Amino acid sequence: MDPRMDKQARYFLEVLKYTSNEAITMVNVEGEVLFWNMAAERTYQIKQEEIIGRKIKDFFRQEDLVVLKMLETEQPVRSIYHRPRPDKHVLINSAPVYDDEGRLIGAIAVEQDISQLVKLNEELSDASLQLDQLKSAVSQNHAESPFSRIKGKSRAIQEAIQLAMKVAKTDATVLITGESGVGKELFARAIHEASLRHHKPFVPINCGAIPLALFESELFGYEAGAFTGATKEGKKGKIELANGGTLFLDEVGELPMEMQVKLLRVLQEREVYRIGGTKPIPVNIRVLAASNRNLEQMVAEGSFREDLYYRLNVVSLSIPPLRERLEDIPELVQMFVNEFAAKYQKPTPSLDSQVIALFLQYHWPGNIRQLRNVVERLIILTDGNQINQEDVRRLFPVAETKAGRPSALVTKPMTHLATVNQHPLQAEKAALEKQRIEQALQETYGNKSAAAKKLGISRATLYKKLKAYGISWKTNED
């Protein structure tokens, strides 16, 4: 340790040796190790007495040492992924150290060992890839269209399906937008399976679920020697694994800025460099991207690269939220009821007419994912042969119609929906019509002429329906 350090500082450093969970290294301008804590011992299996006072390059390859580069560049680094040894993956913070006169006297590096995290991520990635390949194989063995798994006959969803089918046969990059839970990945898989690349891999990557430190290795892979006993040829990244097939970038708006630059280069050059590699690897991929964020707004704010946005947005596919395709709810509910009754080995229950009516009145902020989860809970917790409105109300705040968004609408109870002798389909139709009228009034800010035009009915007919459904508007209009 530097003899110029005062006695008190020595005491603090001595305690730091044993208390920090991160590996801490300090070197002087000659590259000699001044400080090496217990965490560094555990990470690199090098004892303090072996390394302190000696050149750090005697224990590591010089080109792998960020702390030595710091002495040359004097540029600090923050939370970057680094491999100081072939079998070690770390997240490193490093900075130069100066004396009172501003002269460089050394550098310090603090490293968090993420080798186990990387290894677990590799195992998860391999398992996910195998599962995706199995799903693709199962899908290809069925004669039905890949888009048949997307349920719904509403105009909104059918228009999205028709556009997806049209673009599927091409190699165009598609940007799929929509709220969380609308089924963006389902569309992406269908596009891949209907494409000429269907016999090649579909490789999804959730950009919002990857730790920042693992982004580069996840996308680009790394050269040989990642782990003791690991494959000798290194590890392929997701881009390389998708070669010949489709790379699906889910939640692409979560990509860190530095990864956006590298992804853009891949899309332009159609080649990838692994971490630690110098040889370009050609890749032939189709890119599908999805986001529930407004990328155009992110471009304006400077948090998403404009050039990457236009690279991804060759064809834009917008998936409608569930509240814009309410007529599909009965079919979706029945599909989920059948699915979960079979999964939990229960008799398929019937649905009270009021159940669908309640579902049609809810705003569904979580979209189809939320609807599916609600039905699953109903199947698990309902023991009878019928699901009624009380079962729903116990599990789900359906009484809060349009929950989460302000409404200027005032509605009265739809007593005609509660008529005992009314057919369930009539009740569903009435509830759906009421919902459409409410939505049209919301979108036109209570302008009844505009709402009637939007609904394709006369103003007089609209007034009759407003009275029948007990709908009024809190304005002085009319």
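Some notes on this structure:
- Translational diffusion of segment 274-408, µm² s⁻¹ [Kirkwood Rh, Cα pairs; Stokes-Einstein; 10 °C; 1.306 mPa s]: 86 µm²/s
- The string of couplings for segment 348-360 from the Karplus curve (6.51, -1.76, 1.60, θ = phi - 60°) is 6, x, 8, 10, 4, 4, 5, 4, 5, 4, 5, 4, 6 Hz, one whole number per residue in order, with x for Gly and Pro.
- Simple label model, 7 Å out from Cα along Cβ direction - Arg265 to Ser145, nm: 4.2 nm
- If only the Cβ of Lys and Arg carry +1 and only the Cβ of Asp and Glu carry -1, the dipole of segment 249-369 around its Cα centre is close to 520 debye.
- Per-peptide average of other Cβ atoms within 10 Å, ordering 148-154, 448-454, 318-324 highest first: 318-324, 448-454, 148-154
- Once backbone amide H atoms are built at 1.01 Å from N, Glu271 has Val283 as its partners under 5 Å, excluding neighbours fewer than 5 places away on the same chain.
- One quarter of the surface of the convex hull around the alpha-carbon atoms of segment 211-363 equals 14.2 nm², the direction-averaged projected area.
- Peptide packing for 457-465, 433-441 was compared via the average number of neighbouring C-beta atoms within 10 Å per residue; ordered from the highest value, the list is 433-441, 457-465.
- In terms of overall dimensions, the C-alpha atoms belonging to segment 261-323 reach 49, 25, 19 Å along their principal axes, ordered largest to smallest.
- Considering all different alpha carbon pairs of segment 313-352, the Kirkwood hydrodynamic radius works out to 12.4 Å.
- Amide H within-cut-off set for Phe35, under 5 Å, with H built and near neighbours excluded: Met26
- If the convex hull is drawn through the Cα atoms of segment 175-293, its volume per residue in Å³: 115 Å³
No lab work stands behind these numbers, since they all come straight from the coordinates. Note that the structure is a prediction, hence the values are computed from the model and not measured. Every residue, glycine among them, receives a Cβ derived from its backbone with ideal geometry; neighbour counts consider all protein chains shown.
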